[in-house]
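The values are calculated or read from the model by the stated rules, or taken from the named source; none is laboratory data. This structure is a prediction, so every number in the text was calculated from the model and none was measured. Note that we place each Cβ from the backbone using ideal geometry, even for glycine, and neighbour counts take in every protein chain shown. Protein only, heavy atoms only, side chains kept; ligands, DNA and RNA dropped before computing areas. Shrake-Rupley method; radii C 1.70, N 1.55, O 1.52, S 1.80 Å.
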Amino acid sequence: MEELEYHLKENELTAKDFIRLKIETGFRERPIEQVEKALENNLFDVIAVCNDEVIGMGRLVGDGVMYWYLQEIIVLPEFQGKGIGTRIVDRLLEYIKDNTTPGTFVSIGLTAATGKDTFYEKFGFSKSLGMTKYLER
């Protein structure tokens with residue numbers, strides 16, 4: 001089996017790629033203005049690129065000191081199971097380690113899509129008693 005050639009890029013996620021990846025993986029479309037503002041407020045993002053096409057993404061949001069959240073860890077279905085999501089999450093976690101003060105306590109959270117809990121458990125994430133509220137306007 002031929003190994004997939006792709007590479008990661010940092011802080012190059014565009015609103016158009018964000019929207020395309022969300023739609024192609026079955027998530028809700030967001031208005032481009034909303035996505036552009038969200039990306040401006042990123043702490044950090046990573047994209048996976050294969051043949052000049054963005055095939056995966058992940059981003060960090062939060063206060064960048066005590067609270068970090070992994071968001072939109074997405075890999076197109078035809079590229080899943082090839083280690084791309086793992087590399088994206090590894091890079092996001094590495095960024096957190098590189099940008100926190102040694103000897104301090106930080107919280108790293110995420111909301112896993114249905115059926116993806118075991119993927120995140122291998123990174124040390126566990127289910128907690130968190131709650132989520134969605135607001136639609």
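Going by the structure shown, is Val54 open to solvent by less than 90 Å² (accessible area, probe 1.4 Å), β-branched (Val, Ile, Thr) and closer than 22 Å to Glu29 by Cβ?
yes
What residue, among those in the range 15-36 that are part of a helix (DSSP H, G or I) and more than 20 Å from Thr111 (Cβ to Cβ), is most open to solvent (accessible area, probe 1.4 Å)?
Lys16
Exactly one condition in (1) part of a loop (DSSP other than H, G, I, E, B); (2) under 25 Å from Lys122 (Cα atoms) is false for Leu93; which is it?
Single failed check for Leu93: (1).
Check Thr86 against each of (1) assigned to a helix (DSSP H, G or I); (2) β-branched (Val, Ile, Thr); (3) over 11 Å from the mean Cα position of the chain (by Cα) and name the one condition it does not meet.
Here Thr86 meets the rest and fails (3).
Any idea how many residues of the range 45-83 are within 10 Å of the chain's Cα centre (by Cα) and at positive phi?
Number satisfying all stated conditions: 1.
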